[in-house]
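Contents: one structure, followed by commentary.
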Amino acid sequence: MLALGSERATLKDKADTLIQVTMTNREKYDLLLMAMGAYTPLDGFVGEADWKGSCKNMRFENGLFWPIPITLSVTKELAARISIGDEVVLVDPEEDNLPMAILTVAEKYCPDCEFECRHVFGTTEEDHPGVHRVINQESVNLGGQLMVFDEGGFPNVFKDLYLRPMESRDLFQELGWSEVTAFQTRNPMHRSHEHLVKTAMDITQGVLIHQVLGELKPGDFPAEVRTKAIDLLVKNYFPKNTVIQAGYPIEMRYAGPREALLHALIRQNYGCSHLIVGRDHAGVSDYYGPYEAHDIFDTLWDGALLTQPIKLDVTFYCTKCDGMASARTCPHEPEVQIQISGTRLRELLSQGEDIPSEFSRPEVVSVLREYYEKLKT
Ligand SMILES: [Zn+2]
């Protein structure tokens, strides 16, 4: 789906003559995931039957497992100007309306957004950020095949971190890893994250530490800061050649269990046999139970998904256990478990206060501190 060489220029020229469709951020990230091969074998935005099947039964008409429909929406007015069989160009408003891909429109349909939200998010409450976006998207979906000729700034901004599934699969093979666990994170890794990953390393040979790239939420550390902190953690506390660090572009939908499945599907394309699924994975406020994202894997039919979950709980250092422990292994009261929230950590860092080494490795803390010092100047 990603045009290469001279084909790029040809498509770009052609794009100048086509009707423009402006993408939302979510649609752009979905396009990038398709272009890089993370959504294989999906070859474009879904039509109505696949939209419905994906919402209701987590499968397309042809039987393919797909837990969240990947859609593109336009206004009624714009849809009226587009005929079935037309080609349109998809542009990114965040990058000055950069033309990125040509979509051959196979279908136009008005999805029932409430139906989608009820099935995918388990709620139609608009306070849920994922529901809010679906309910407020434009009213007509365009389905059809996609040909991408420009991936925008991401591959240059993130360079080596922007690892494509084809590259990771080759890399795992070179390293001789038959089983690899993916760990998704948008944080610099503290000891709790280190413990989750090391628990997985007792089961599989290699680990892909996979950052969420893209929009930062207020208080998030930028990707380069996280990468530096994780590199130091790996260098000092992990055996050689057991970890690969990379990132991928995705906009979180906060669909909890359904999104955990999508994350696993993406990692299947990356060549990972396992995915760490934590407590309330991809959840938001209290819409999902702490283990719903674990349990949904048990409801799938045989062959739906090869990548398996490693179901873990919250971990922390417990002073009474005198070591790392988890909600499953430690019987003690919260007062003796060293846990620091993201908000509290930022407070401590900005006030220049000590971060206990039971919470985060000193090497990691020094990188975060350096970042906060720079923010001040
Ligand atoms: Zn304990």
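The values are calculated or read from the model by the stated rules, or taken from the named source; none is laboratory data. The structure presented is a predicted model; accordingly, all values stated were derived computationally and were not measured. Glycine also receives a Cβ, built like all others from the backbone with ideal geometry; neighbour counts cover every protein chain displayed. To get the accessible areas, we keep the full protein, side chains included, count just its heavy atoms, and leave off ligands, DNA and RNA. Shrake-Rupley method; radii C 1.70, N 1.55, O 1.52, S 1.80 Å.
Pick from K374, K320: which is more than 16 Å from the ligand (Cβ to nearest atom) and among the basic types (K, R)?
On the way: K320 fails: more than 16 Å from the ligand (Cβ to nearest atom).
Of K374, K320, the one residue that is more than 16 Å from the ligand (Cβ to nearest atom) and among the basic types (K, R) is K374.
How many residues does segment 196-210 contain that are touching a Leu at 6+ places or on another chain (Cβ under 7 Å) and either crowded, with 21+ Cβ neighbours inside 10 Å or within 22 Å of D160 (Cβ to Cβ) (or both)? Lay out the reasoning, then the answer.
Of the residues in segment 196-210, the ones touching a Leu at 6+ places or on another chain (Cβ under 7 Å) are 196, 199, 206.
Applying the additional criterion that residues be either crowded, with 21+ Cβ neighbours inside 10 Å or within 22 Å of D160 (Cβ to Cβ) (or both) yields 196, 206.
Within segment 196-210, residues that are touching a Leu at 6+ places or on another chain (Cβ under 7 Å) and either crowded, with 21+ Cβ neighbours inside 10 Å or within 22 Å of D160 (Cβ to Cβ) (or both) number 2.
Any residue at all in segment 138-146 that is under 22 Å from the mean Cα position of the chain (by Cα) and modelled with pLDDT of 95 or more? Talk me through it step by step, then tell me what you get.
Kept after step one, since they are under 22 Å from the mean Cα position of the chain (by Cα), are these residues of segment 138-146: 146.
Going one step further and asking which of them are modelled with pLDDT of 95 or more, we end up with 146.
Yes - at least one qualifying residue is present in segment 138-146.
In segment 310-359, how many are β-branched (V, I, T) and without any contact (Cβ under 8 Å) to a residue 12 or more places away in the chain? Before the answer, list the steps.
Residues of segment 310-359 that are β-branched (V, I, T), as a first pass: 310, 314-315, 319, 329, 336, 338, 340, 343, 355.
With the extra rule that they be without any contact (Cβ under 8 Å) to a residue 12 or more places away in the chain, the set shrinks to 329.
Number satisfying all stated conditions: 1.
Does T17 satisfy the condition of being outside any strand (DSSP E or B), of a type outside the set (A, V, I, L, M, F, W, C), surrounded by fewer than 16 Cβ atoms within 10 Å (Cβ to Cβ) and out of contact with any Phe, Trp or Tyr (no Cβ under 9 Å at 6 or more places or on another chain)? Break it down into steps so the answer makes sense when it comes.
Details: outside any strand (DSSP E or B): yes; of a type outside the set (A, V, I, L, M, F, W, C): yes; surrounded by fewer than 16 Cβ atoms within 10 Å (Cβ to Cβ): yes; out of contact with any Phe, Trp or Tyr (no Cβ under 9 Å at 6 or more places or on another chain): yes.
When the stated conditions are applied, T17 passes them.
Quick one: in segment 333-343, which of the residues that are away from the ligand (no atom under 12 Å from the Cβ) and not polar (S, T, N, Q) is nearest to Y371 (Cα to Cα)?
If we take residues in segment 333-343 being away from the ligand (no atom under 12 Å from the Cβ) and not polar (S, T, N, Q), then G342 is nearest to Y371 (Cα to Cα).
Take M252 and decide whether it is open to solvent by 20 Å² or more (accessible area, probe 1.4 Å), within 16 Å of the ligand (Cβ to nearest atom) and not in a helix (DSSP H, G or I).
Working: open to solvent by 20 Å² or more (accessible area, probe 1.4 Å): yes; within 16 Å of the ligand (Cβ to nearest atom): no; not in a helix (DSSP H, G or I): yes.
The answer is no for M252.
Could you tell me which numbered condition C330 fails, if it satisfies all but one of (1) part of a loop (DSSP other than H, G, I, E, B); (2) more than 30 Å from E373 (Cα to Cα); (3) open to solvent by 20 Å² or more (accessible area, probe 1.4 Å)?
Going through (1) part of a loop (DSSP other than H, G, I, E, B); (2) more than 30 Å from E373 (Cα to Cα); (3) open to solvent by 20 Å² or more (accessible area, probe 1.4 Å) one by one, C330 breaks only (3).
Looking at segment 339-361, which of its residues are part of a loop (DSSP other than H, G, I, E, B) and open to solvent by 70 Å² or more (accessible area, probe 1.4 Å)?
If we filter segment 339-361 for residues that are part of a loop (DSSP other than H, G, I, E, B), which is where we start, we get 339-341, 351-361.
Residues satisfying the conditions are Q339, Q351, E353, D354.
Given the residues L11, L32, L42, which is the only one that is in a helix (DSSP H, G or I) and touching a helix residue (DSSP H, G or I) at 6+ places or on another chain (Cβ under 8 Å)? Spell out the reasoning first.
Values: L11 fails: touching a helix residue (DSSP H, G or I) at 6+ places or on another chain (Cβ under 8 Å); L42 fails: in a helix (DSSP H, G or I).
That would be L32, the only listed residue that is in a helix (DSSP H, G or I) and touching a helix residue (DSSP H, G or I) at 6+ places or on another chain (Cβ under 8 Å).
Here's the yes/no breakdown for (1) away from the ligand (no atom under 16 Å from the Cβ); (2) at pLDDT 95 or above:
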site	(1), (2)
L306	yes, yes
K311	yes, yes
M324	no, yes
P331	no, yes
L345	yes, no
F359	no, yes
P362	yes, yes
V365	yes, yes
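To keep it simple, each residue is scored yes or no on (1) over 26 Å from A304 (Cβ atoms); (2) touching an Asp or Glu at 6+ places or on another chain (Cβ under 6 Å).
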residue: V88; (1), (2): yes, no
residue: V91; (1), (2): yes, no
residue: P111; (1), (2): no, no
residue: C117; (1), (2): no, no
residue: F121; (1), (2): no, no
residue: H132; (1), (2): yes, yes
residue: N141; (1), (2): no, no
residue: V148; (1), (2): yes, no
residue: E151; (1), (2): yes, no
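Considering (1) more than 16 Å from the ligand (Cβ to nearest atom); (2) touching a Cys at 6+ places or on another chain (Cβ under 9 Å); (3) among the hydrophobic types (A, V, I, L, M, F, W, C); (4) open to solvent by 30 Å² or more (accessible area, probe 1.4 Å), say which one A264 fails and leave the rest.
(4)
Taking the residues in segment 99-119 that are acidic (D, E) and out of contact with any Leu (no Cβ under 9 Å at 6 or more places or on another chain) as candidates, determine which candidate is least open to solvent (accessible area, probe 1.4 Å). Reasoning before the result, please.
Here is the first cut: in segment 99-119, the residues acidic (D, E) are 107, 112, 114, 116.
When the remaining residues are screened for being out of contact with any Leu (no Cβ under 9 Å at 6 or more places or on another chain), the result is 112, 114, 116.
On the way: D112: 86, E114: 104, E116: 8 Å².
Across segment 99-119, the extreme among qualifying residues is E116.
Just checking, which of V336, V364 is under 25 Å from the mean Cα position of the chain (by Cα) and open to solvent by less than 40 Å² (accessible area, probe 1.4 Å)? Give the derivation first.
Details: V336 fails: under 25 Å from the mean Cα position of the chain (by Cα).
V364 is the lone residue from the list that is under 25 Å from the mean Cα position of the chain (by Cα) and open to solvent by less than 40 Å² (accessible area, probe 1.4 Å).
Tell me which helices (runs of 4 or more DSSP H) are completely within segment 79-186 and hold 2 or more residues being charged (D, E, K, R), or say none if there are none.
Working: elements: 113-120, 129-135, 154-158, 165-175.
Here the list reads 113-120, 165-175.
Does R226 meet the test of being part of a helix (DSSP H, G or I), at pLDDT 95 or above, within 17 Å of the chain's Cα centre (by Cα) and surrounded by 23 or more Cβ atoms within 10 Å (Cβ to Cβ)?
Values: part of a helix (DSSP H, G or I): yes; at pLDDT 95 or above: no; within 17 Å of the chain's Cα centre (by Cα): yes; surrounded by 23 or more Cβ atoms within 10 Å (Cβ to Cβ): yes.
So R226 fails the test.
Just to be sure before I move on: is G289 at pLDDT below 95, surrounded by fewer than 19 Cβ atoms within 10 Å (Cβ to Cβ), more than 17 Å from the chain's Cα centre (by Cα) and more than 16 Å from the ligand (Cβ to nearest atom) in the structure I sent?
Considered against the rule, which asks whether it is at pLDDT below 95, surrounded by fewer than 19 Cβ atoms within 10 Å (Cβ to Cβ), more than 17 Å from the chain's Cα centre (by Cα) and more than 16 Å from the ligand (Cβ to nearest atom), G289 comes out as no.
Given K52, K28, which one is surrounded by 21 or more Cβ atoms within 10 Å (Cβ to Cβ) and out of contact with any His (no Cβ under 7 Å at 6 or more places or on another chain)? Talk me through it step by step, then tell me what you get.
Working: K52 fails: surrounded by 21 or more Cβ atoms within 10 Å (Cβ to Cβ).
It is K28.
Test each condition in (1) of a type outside the set (A, V, I, L, M); (2) at pLDDT below 95; (3) open to solvent by less than 10 Å² (accessible area, probe 1.4 Å) for P69 and report the one that comes out false.
Unmet for P69, out of (1) of a type outside the set (A, V, I, L, M); (2) at pLDDT below 95; (3) open to solvent by less than 10 Å² (accessible area, probe 1.4 Å): (2).
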